[in-house]
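Student: I am attaching a structure below and will ask some questions about it afterwards.
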Amino acid sequence: MLKINRNIPVLLVSPGCFNPPHLQHLRNLELARDGLRRINYRVVGGIMTPTHDHYKKHKKTLIEYEHRATMVDLTCQSSSWVKGSRWEGGQPTWTRTAKVLDALQSQGRIEYNEPNLITKLVCGADLLESFAKPGLWLDSDIKTIVGEHGIVVIARPGYDPGSFIFNHDVLFKYQDNITLVYNPVNCDLSSTQCRTLVRRDMSVRYLCTDAVCDYIVRNNLYVETESKGE
């Protein structure tokens, strides 16, 4: 099989609430790295970046940023190449994903001494389909994310990212900058499920890292009842 010469340094970026971070978050980055390596990209690192506290207006269940950022740092202790970033949480307000990718790309070029480094967004097929929700994403941001950075999409049961890309004009235009990654071991683990288990006084061990499990217990997180729909 002929390999395309894409020896381009890539920094994978996984944004999210991480409320709490769980092992599937790390697993998605591993899958993304494997997918890019197969087409001859050079992945130099991965970043998990928790969203700003101001996003709470959209997610009422969001706990304080410092707790989430600390849990991301604890999660990344088990990885040799993924780390947490506090750039987003250090901004005055919530920052759109396109600007986060731009900022982390600039930082990464200095940190890794790679002037041609590019950041690529890692997301599930569900987030990809959110590009079609009216008012949720700016068209200019979608063009920046896909056209200037690129996306690695992790397949999820019940979604057809290939068909969605075909029917979305911007994504279709930049389809060469989108990598679809098949997940051979389907796992639909979510942070919502983890929070529910904690509220039911059940363990999340082996769903989250031991350090995160201990942190949740020590700080009495996620024990309060969540309002329906939040």
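Student: Identify all residues within segment 205-223 that are on the phi < 0 side of the Ramachandran plot, touching a residue at least 60 places away in the same chain (Cβ under 8 Å), not in a helix (DSSP H, G or I) and not polar (S, T, N, Q); write none if there are none. Write out each step before concluding.
Tutor: Looking only at segment 205-223, we keep the residues that are on the phi < 0 side of the Ramachandran plot, and these are 205, 207-219, 221, 223.
Pick out the ones that are also touching a residue at least 60 places away in the same chain (Cβ under 8 Å) and you get 207-209, 211-212, 215-216, 219, 221.
Cutting the leftovers down to not in a helix (DSSP H, G or I) gives us 207-209, 219, 221.
Matches in segment 205-223: L207, C208, L221.
Student: Still on this structure, please answer the following. Report the residue count in segment 174-204 for those that are more than 24 Å from R33 (Cβ to Cβ), of a type outside the set (G, A, S) and assigned to a loop (DSSP other than H, G, I, E, B).
Tutor: Just the residues of segment 174-204 that are more than 24 Å from R33 (Cβ to Cβ), to begin with: 192-193, 195-204.
Applying the additional criterion that residues be of a type outside the set (G, A, S) yields 192-193, 195-202, 204.
Okay, now just the ones that are also assigned to a loop (DSSP other than H, G, I, E, B), so 200-202, 204.
Total satisfying the criteria: 4.
Student: Under the condition of being in a helix (DSSP H, G or I) and of a type in the set (A, V, I, L, M, F, W, C), which residue from segment 125-147 is nearest to N28 (Cα to Cα)?
Tutor: Step one: of segment 125-147, the residues in a helix (DSSP H, G or I) are 125-132, 139-147.
Imposing the further condition that a residue be of a type in the set (A, V, I, L, M, F, W, C) reduces the set to 125, 127-128, 131-132, 142, 145-146.
Values: A125: 12, L127: 13, L128: 14, F131: 20, A132: 23, I142: 21, I145: 18, V146: 19 Å.
Selected residue: A125.
Student: Can you tell me which of (1) farther than 25 Å from T179 by Cβ; (2) in contact with a Phe, Trp or Tyr (Cβ under 8 Å, 6 or more places away or on another chain) is the one G46 doesn't meet?
Tutor: Here G46 clears every test but (1).
Student: Which condition breaks for S78 when tested against (1) open to solvent by 30 Å² or more (accessible area, probe 1.4 Å); (2) closer than 23 Å to D188 by Cβ; (3) part of a helix (DSSP H, G or I)?
Tutor: (3)
Student: What number goes with the only condition from (1) at pLDDT below 95; (2) surrounded by fewer than 18 Cβ atoms within 10 Å (Cβ to Cβ) that P161 does not pass?
Tutor: (2)
Student: Can you find a residue that is buried (at least 21 other Cβ atoms within 10 Å of the Cβ) and of a type outside the set (S, T, N, Q) anywhere in segment 3-11?
Tutor: Within segment 3-11, the subset buried (at least 21 other Cβ atoms within 10 Å of the Cβ) is 10-11.
From the residues that got through so far, the ones that are of a type outside the set (S, T, N, Q) too are 10-11.
Looking through segment 3-11, at least one residue is buried (at least 21 other Cβ atoms within 10 Å of the Cβ) and of a type outside the set (S, T, N, Q).
Student: Of all the residues that make up segment 36-54, how many are over 17 Å from the mean Cα position of the chain (by Cα) and under 16 Å from N7 (Cβ atoms)? Steps first, please.
Tutor: Step one: filter segment 36-54 for residues over 17 Å from the mean Cα position of the chain (by Cα), giving 37-42, 54.
The next check asks that each one be under 16 Å from N7 (Cβ atoms); those that pass are 37-42.
Residues that pass the stated criteria total 6.
The values are calculated or read from the model by the stated rules, or taken from the named source; none is laboratory data. Bear in mind the structure is a predicted one, so any value in this text is a computation, not a measurement. As a convention, Cβ positions derive from the backbone with ideal geometry for all residues, glycine included, and neighbour counts pool all protein chains shown. Just so you know, the surface numbers come from the protein's heavy atoms only, side chains and all, with ligands and any DNA or RNA stripped out. Shrake-Rupley method; radii C 1.70, N 1.55, O 1.52, S 1.80 Å.
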